[in-house]
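The structure appears right after this line, and notes come after that.
The values are calculated or read from the model by the stated rules, or taken from the named source; none is laboratory data. None of these values were measured; they are calculated from a predicted model. Backbone-built Cβ (ideal geometry, glycine too); neighbour counts: all protein chains shown. These area figures cover heavy atoms from the full protein model, side chains too; ligands, DNA and RNA do not enter into them. Shrake-Rupley method; radii C 1.70, N 1.55, O 1.52, S 1.80 Å.
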Amino acid sequence: MTTAPALITELDEIVRRGDPRRRAEAARRISELFLQGAANFRPDHINLFDGVLTSLVPHAEPAARVDLAERLSLLANAPRHLVGQLAHEDDIAIAGPLLRRSPVIDDSALVEIANAKGQGHLLAMAERPKLSIALTDVIVRRGDRDVIRCAAGNAGAAFSDDGFSTLIQRAGQDGVLTLKIGRRDDLPPEHLKSLLAGSIDVVRRRLFTVAKPERQAAISQAMNEITGATEQAESRRDYAQAQRTVMALHRAGQLTEGALLNFAKVFKYEEAVAALAAMTGVKIATLDRLIGGERYDPILIASKTIGLEWSTVRALILMRLGPNRTVSPADIEGARANFARLMPSTAQRVVDFWKSR
């Protein structure tokens, strides 16, 4: 640090009374001095730089702070307070590199930032080599689709039991997320069963194809258990009367969307499923198994192929939950948006697959 005294003697005055331009120039010079010698500095040297730079760096130009953050993110002995200061910046171009990979930021600081900042900061943290349970609990609670997918696909992330449950709930509306969760080596068997139970056949088949051999065995076992449970559930549900009712409506030319809507509104599950089966050409047993899962996707897909209005689709989603359960407005809005985006041709391909089962 032979060149340090020439700079350090000016710093007190610059920090206290220097104009922004002088402070920015001092920040540049001191930062460069630190980066050039970082490999050889002792802890007391680093603490000295830390105290000085935390006062000067906020006056540097954004581009200079971006460059500094990028270079500091690679250092195991970067000044801790300075790194924390930069990681709290609202500008993700500055905070991002440090949140993605800096080994200096401790877990409590990451959790604090995850609770306070936006999706860009969450996404950067989701890309870290290691994610603690405390951090992923916040990420799965606050993250959007891209953040959740990134965290679920991160092999270095650890999840709590509640974290896995939340991921699986989110996967009910996201086939890509289902594949990422299903490929995790640390996914407990019961959570794997829940994930598969809420997935449509095409996603299950894709997951089996892309999974490791040892995970394929776990998927097969879970599917066998789910199939057994589903068959038992189906054997307890009697569709005979519902089929007679639907056939009578069909013969009378009254098997319309209005009739289906009326069944759904009064929670006549068997009649609604039988009517939807007749209107789509899918077997009742297949449709019942799909609709009875944790996902509402099958309702959206079947409804899209026969041109149902959103009001009817919404009623079918609520019917699926039963009269004693509620659904959040956000989930309903998500379903409406997914239904609007779903292409009829895509839905028809899925229904054609169901018919072949």
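Miscellaneous remarks
- Matching residues, the range 146-179, being among the aromatic types (Phe, Trp, Tyr) and under 20 Å from residue 296 (Cα atoms): 164
- Test for residue 93: is it in contact (Cβ under 8 Å) with a residue 24 or more places away in the chain and either under 19 Å from residue 135 (Cα atoms) or open to solvent by less than 70 Å² (accessible area, probe 1.4 Å) (or both): yes
- Qualifying residue in the range 57-74 (condition: open to solvent by 10 Å² or more (accessible area, probe 1.4 Å), more than 22 Å from residue 125 (Cβ to Cβ) and modelled with pLDDT under 85): yes
- Unique residue being modelled with pLDDT of 90 or more, outside any helix (DSSP H, G or I) and surrounded by 12 or more Cβ atoms within 10 Å (Cβ to Cβ) when the list is 149, 184, 141: 184
- For residue 199: the one exception among (1) outside any helix (DSSP H, G or I); (2) over 22 Å from residue 300 (Cα atoms): (2)
- Residues satisfying the stated conditions in the range 156-181, i.e. out of contact with any Ser or Thr (no Cβ under 7 Å at 6 or more places or on another chain) and assigned to a loop (DSSP other than H, G, I, E, B): 156, 160, 172, 173, 174
- Test: residue in the range 281-304 that is hydroxyl-bearing (Ser, Thr, Tyr) and buried (at least 21 other Cβ atoms within 10 Å of the Cβ): yes
- Residues of the range 279-331 that are assigned to a loop (DSSP other than H, G, I, E, B) and farther than 18 Å from residue 174 by Cα: 281, 282, 283, 306, 307, 308, 309, 322, 323, 324, 325, 326.
- Flag if residue 27 is under 26 Å from residue 154 (Cβ atoms), open to solvent by less than 80 Å² (accessible area, probe 1.4 Å) and either in contact with a helix residue (DSSP H, G or I) (Cβ under 6 Å, 6 or more places away or on another chain) or modelled with pLDDT under 85 (or both): no
- Just one of the listed residues (244, 336, 236, 251) is open to solvent by 50 Å² or more (accessible area, probe 1.4 Å) and modelled with pLDDT under 80, namely 236.
- The residues in the range 187-218 that are of a type in the set (Val, Ile, Thr), within 19 Å of residue 289 (Cα to Cα) and open to solvent by 50 Å² or more (accessible area, probe 1.4 Å) can be counted, and the count is 1.
- The residues of the range 254-266 that are open to solvent by 40 Å² or more (accessible area, probe 1.4 Å) and either in contact with a His (Cβ under 6 Å, 6 or more places away or on another chain) or aliphatic (A, V, I, L, M) (or both) amount to a single one, 266.
- Subset tally (residues that are within 16 Å of the chain's Cα centre (by Cα) and without any contact (Cβ under 8 Å) to a residue 24 or more places away in the chain) for the range 175-192: 1
- Across the range 314-330, the number of residues qualifying as at negative phi, in contact (Cβ under 8 Å) with a residue 24 or more places away in the chain and out of contact with any Phe, Trp or Tyr (no Cβ under 6 Å at 6 or more places or on another chain) comes to 4.
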